[in-house]
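These notes concern the structure reproduced below.
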Amino acid sequence: MSRSDCINRAKSTIESRYNKSKFEFDQHTLEASLKISGFSEVDRLIQSTGSRIFYAAISKGESIEDIRREYDVAVKRKKELLVQNGFPADYCDMKYYCDKCSDTGYVGIRICSCLKKEINYELLKESGLYHLSKYQSFDTFSLKYYLEDDDNYQTIKNHLETLKAFADGFGDDTNSNFLLMGPTGLGKTHLSTAAAVSVIDKGYYVIYESAVNIFENFQAWEFRKDKSADVEKYSECDLLVIDDLGSEMVTAFTVEKLYSLINERINNNRSTMINTNLTADELVQKYDKRIVSRLLGEYYILPFRGTDVRMQKLG
Ligand SMILES: [Zn+2]
């Protein structure tokens, strides 16, 4: 599965929405034509307006003003007929799922937010975040596993609020980067998933993948010339979440890729979020000083400390 497969699936979702609206529209129009005398004539007049204006424009025969006036009268008459016969006034209007693009997926030449959202949804499903996203939202993040008198409680609460604010304001101004550091089981995945899902809800293109996956894709693309390994998405997405940095096999290649990816995204003002179990010292040992200095300079560091929340949930 590649990004373009996801895009095609999203497009067919939009198309089926259009087809559903069109089917309902046709059914309602047929029903009204059969039940209401005079409806078909009025409806036909409305349908022919476009081509009448077109011919009027090229032949300079009929007055366009007159056609428009007739159209307005016919639309009003159509609604009156519907209401008089016990139907809602908009019974025979095309009802779109998305009014912005009339379920075409595009506004002019720009991709509509509804299609963008469907693409992200497909990508979210592909990346394996789909199931997580149901359980790991901001709403399901519970602070009850963190002791309230503990310093960590306030820290985690601050992280929650910081990431919520980041997701809410995503795209409004300069995009921020985050480095979530700490041992497993303290909520890093939960909070980064929640942020990713919120950003997707706003219609942005988000990629959430493990570092292992990301570097495997880069290797497949670079060494095996595997064109199905879509690596452009890592540069192009509005938000990239790199999960579990440090679990991959660190080589000169991965270090270089990570450095250029981090740099490129900073230069293009695109947000990146990184989760890692590594400590600051381990980061310096495993990666380049250049990378660590980029992370410290351009990322908000969110430290997670405490006892494994998942163990407490089990207990
Ligand atoms: Zn739309």
Discussion item. The conditions are (1) loosely packed, with under 14 Cβ neighbours inside 10 Å; (2) not in a loop (DSSP other than H, G, I, E, B), and H28 fails exactly one of them. Which is it?
Written reply: (1)
Worksheet item: When residues of the range 241-271 are filtered for being farther than 20 Å from T184 by Cα and within 23 Å of the chain's Cα centre (by Cα), how many remain?
Response: 10
Worksheet item: When only residues in the range 80-96 that are surrounded by 18 or more Cβ atoms within 10 Å (Cβ to Cβ) and in a helix (DSSP H, G or I) count, which is nearest to the ligand (Cβ to nearest atom)?
Response: L82
Practice prompt. Please go through the range 158-182 and pick out each residue that is at pLDDT below 90 and either of a type in the set (D, E) or on the phi < 0 side of the Ramachandran plot (or both).
Written response: D172, D173, T174, N175
Discussion item. Being within 16 Å of the ligand (Cβ to nearest atom) and either hydrophobic (A, V, I, L, M, F, W, C) or in a helix (DSSP H, G or I) (or both) is the requirement here; does E161 meet it?
Written reply: no
Worksheet item: Out of (1) under 15 Å from the mean Cα position of the chain (by Cα); (2) among the hydroxyl-bearing types (S, T, Y); (3) assigned to a loop (DSSP other than H, G, I, E, B), the odd one out for S198 is which?
Response: (3)
Fill in: Test result for S16, among the polar types (S, T, N, Q) and either touching a His at 6+ places or on another chain (Cβ under 7 Å) or modelled with pLDDT under 95 (or both)
no
Practice prompt. Hey, can you tell me all the residues within the range 272-300 that are more than 16 Å from A211 (Cα to Cα) and either in contact with an Asp or Glu (Cβ under 7 Å, 6 or more places away or on another chain) or outside the structural domain of N177 (by TED's automatic domain parsing) (or both)?
Written response: none
Worksheet item: From the list V107, V73, which one is closer than 30 Å to V42 by Cβ and β-branched (V, I, T)?
Response: V73
Worksheet item: Could you count how many residues in the range 97-148 are more than 16 Å from the ligand (Cβ to nearest atom), assigned to a loop (DSSP other than H, G, I, E, B), over 22 Å from A165 (Cβ atoms) and hydroxyl-bearing (S, T, Y)?
Response: 2
Worksheet item: Could we say that S102 is within 30 Å of L123 (Cα to Cα) and surrounded by 12 or more Cβ atoms within 10 Å (Cβ to Cβ) here?
Response: yes
Practice prompt. Kindly indicate whether any position in the range 210-218 is closer than 18 Å to R270 by Cβ, surrounded by 24 or more Cβ atoms within 10 Å (Cβ to Cβ) and in contact (Cβ under 8 Å) with a residue 24 or more places away in the chain.
Written response: no
Fill in: Matching option when the condition is of a type in the set (G, A, S), within 16 Å of the ligand (Cβ to nearest atom) and either under 39 Å from the mean Cα position of the chain (by Cα) or surrounded by fewer than 16 Cβ atoms within 10 Å (Cβ to Cβ) (or both), among A10, A57
A10
Practice prompt. For the range 39-52, state whether one or more residues are within 16 Å of the ligand (Cβ to nearest atom), modelled with pLDDT under 95 and part of a loop (DSSP other than H, G, I, E, B).
Written response: no
Worksheet item: So which pairs qualify, if the first residue must be in the range 179-199 and not assigned by TED's automatic domain parsing to the domain that holds L239, the second must be assigned to a helix (DSSP H, G or I), the Cβ gap must be under 7 Å, and the two must be at least 6 apart or on different chains?
Response: none
Worksheet entry | Scan of the range 1-40 for residues that are within 30 Å of A229 (Cα to Cα) and among the polar types (S, T, N, Q), ordered by number | S2, S4, N8, S12, T13, S16
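The values are calculated or read from the model by the stated rules, or taken from the named source; none is laboratory data. Note that this is a predicted model, so its numbers are computed, not measured. Here Cβ is always computed from backbone atoms with ideal geometry, including for glycine, and neighbour counts include all displayed protein chains.
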